[in-house]
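Working notes, structure below.
The values are calculated or read from the model by the stated rules, or taken from the named source; none is laboratory data. Values in this document were obtained by computation on a predicted structure and should not be read as measured data. Using ideal geometry, Cβ is built from the backbone for each residue, glycine included, and neighbour counts are taken over all protein chains shown.
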Amino acid sequence: MKEKLAYYIKHFSSRLFVFFKWLIFSILSGIIVGGIGTLFYFCMAYATNTRSDYPWLIFFLPIAGIFIVGAYRIMHDEKDTGTNLVLSAIHSGESIPLKMAPLIFISTVLTHLFGGSAGREGAALQLGGSIGNSLGRVFRFDEKDQHIMIMCGMSAAFSALFGTPMAAAIFSMEVVSVGIMHYSALVPCVVSSLIAHGIATYFGIVPEQFVIQSLPAFSIKSAIIIAILAVLCAVVSILFCVALHTSEKLYKHFFQNPYLRVFVGGALVLLLTLFVGNQDYNGAGMFIIERCFQGNCVPYAFLLKIVFTALTLGAGYKGGEIVPSFFIGATFGFTFGNLLGFSPELCTAVAMGSVFCGVTNCPISSLLICFELFGFQAMPYFLLSIASSYMLSGYYGLYHSQKIVYSKYKTEFINRQTH
């Protein structure tokens, strides 16, 4: 009996040591990454507001692109693959250079200041991953623990910027390998996400939240309508992924010089902005999502956002793809709801979650982010739409380094990358 008791005490003590180890380092990561993420949020807000006040800044987008490419060249990081590098580091043990953090910080702010169409959370994942990886190296963690520190940093940055700590904690564990969850990172990711969220809230960052005013009862008829919407959202998510990847390939094929490539891309975005006649599709476009919930959006907005974002990111400008996916989902859902006369607000919310799921292949994170953005009242709709979109979006995805470990259709191991 004494031997068994000693055995249990020994093993519990070792687990307790690991728990406190990760508690300490995840708090540290949450404070550092949360602070930098908060600063990044305010810089992004300043850039967006400045461009809104001075719309003529869009004319300098091609020049800003040359500066961004030049900065990466000077830092000898011209082959940077963005979020793909972060995911690849977790898979293969590659190191993420700390210089990636200031580069993505400055270049993303410049992209938004001068009117490029991009998001902010993708940049946050790169910021958090870079800082988390560097902290792991400073404290001489082994390769596997460094992977956890990368996910920890990603969660903290995502949480600070978007104000969704639940989704942020799970997303970094889920996005790496579709079909499995890195539960060894659960405590670090949860703690760092909550700490970063607390820091952001302390400095006055208000989490994004939307209210669904018209919520019909869940019935067979409404379920069928939402299922149809989910099918279409899967198609839209595939279209978005194909547009992003194809634009990047076309730019590199026709313009091998990165300076010329980014200049041409900036010029195309400028010309398209002048043709449209407004800057609704430049930047992140969160205000357009708000308009959808207020009942004001043009029916083709989602297509224009796909084109604007593909032209921007494919050319070499920096930013994220996540908020554009929200924009595309919201505007498409709003259009669908209006066409069918079925609660445009609900369709807006459902499509946001469904398109996000389709492009990231992260159903649990998508469900959590819907709960945090819209509340739990529409839970049956979110469950149905996200599950359907996840299956029907196939093996497409925003990130080439993301691995589909287990099939979406059979209980079999496939271990393939997205396309």
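Checking the stated criteria, Lys403 turns out to be in the same structural domain as Ile238 (by TED's automatic domain parsing), within 19 Å of the chain's Cα centre (by Cα) and among the basic types (Lys, Arg). I'm checking my understanding of the structure. Among residues of segment 275-290 that are part of a helix (DSSP H, G or I) and of a type outside the set (Val, Ile, Thr), which one is farthest from Val307 (Cα to Cα)? Within segment 275-290, the match that is farthest from Val307 (Cα to Cα) is Glu290.
Only residues that are crowded, with 20+ Cβ neighbours inside 10 Å, touching an Asp or Glu at 6+ places or on another chain (Cβ under 9 Å) and not aliphatic (A, V, I, L, M) were counted across segment 254-289, and they come to 1.
Summed over segment 322-335, the residues that are surrounded by fewer than 24 Cβ atoms within 10 Å (Cβ to Cβ) and either under 16 Å from Val242 (Cβ atoms) or in contact (Cβ under 8 Å) with a residue 60 or more places away in the chain (or both) give a count of 0.
In this structure, does Val191 turn out to be in the same structural domain as Leu61 (by TED's automatic domain parsing), of a type in the set (Val, Ile, Thr) and at pLDDT below 90?
Considered against the rule, which asks whether it is in the same structural domain as Leu61 (by TED's automatic domain parsing), of a type in the set (Val, Ile, Thr) and at pLDDT below 90, Val191 comes out as no.
Of all residues in segment 228-247, none are free of Cβ contacts under 8 Å to residues at least 12 places away in the same chain, over 28 Å from Trp56 (Cβ atoms) and small (Gly, Ala, Ser). Look through segment 137-176, keep the residues that are of a type in the set (Phe, Trp, Tyr) and either at pLDDT below 90 or not in a helix (DSSP H, G or I) (or both), and return whichever of them is farthest from Val405 (Cα to Cα). Applying the filter and picking the extreme gives Phe139.
What residue, of Arg51, Arg15, is of a type in the set (Lys, Arg) and either within 28 Å of Glu121 (Cβ to Cβ) or surrounded by 21 or more Cβ atoms within 10 Å (Cβ to Cβ) (or both)?
Result of the check over Arg51, Arg15: Arg51.
Entry remark, segment 298-320: residues being outside any helix (DSSP H, G or I) and crowded, with 24+ Cβ neighbours inside 10 Å number 5 in total. Residues that are of a type in the set (Lys, Arg) and within 28 Å of Leu367 (Cβ to Cβ) within segment 116-143 comprise just one, Arg120.
Total residues in segment 211-246 satisfying the condition of being touching a Gly at 6+ places or on another chain (Cβ under 9 Å), surrounded by fewer than 18 Cβ atoms within 10 Å (Cβ to Cβ) and outside the structural domain of Gly341 (by TED's automatic domain parsing): the figure is 1.
Here's the yes/no breakdown for (1) within 19 Å of the chain's Cα centre (by Cα); (2) among the hydroxyl-bearing types (Ser, Thr, Tyr); (3) closer than 21 Å to Thr418 by Cβ; (4) in the same structural domain as Ile90 (by TED's automatic domain parsing):
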position	(1), (2), (3), (4)
Met151	yes, no, yes, yes
Ser159	yes, yes, no, yes
Thr164	yes, yes, no, yes
Ala169	yes, no, no, yes
Met173	yes, no, yes, yes
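On the stretch given as segment 346-378, residues that are in a loop (DSSP other than H, G, I, E, B) and either surrounded by 24 or more Cβ atoms within 10 Å (Cβ to Cβ) or not assigned by TED's automatic domain parsing to the domain that holds Val231 (or both) total 2.
Restricting segment 390-419 to residues that are among the hydrophobic types (A, V, I, L, M, F, W, C) and under 15 Å from Glu174 (Cα atoms) leaves a set whose member that is surrounded by the fewest Cβ atoms within 10 Å (Cβ to Cβ) is Val405.
The set of residues in segment 93-109 being under 17 Å from Thr38 (Cα atoms) and in contact with a helix residue (DSSP H, G or I) (Cβ under 8 Å, 6 or more places away or on another chain) consists of Ala101, Leu103, Ile104, Phe105, Ile106, Ser107, Thr108, Val109. Kindly check whether there is at least one residue in segment 10-19 that is closer than 29 Å to Ala157 by Cα, part of a helix (DSSP H, G or I) and touching a residue at least 24 places away in the same chain (Cβ under 8 Å). Within segment 10-19 (the criterion being closer than 29 Å to Ala157 by Cα, part of a helix (DSSP H, G or I) and touching a residue at least 24 places away in the same chain (Cβ under 8 Å)), the answer is yes, since at least one residue qualifies.
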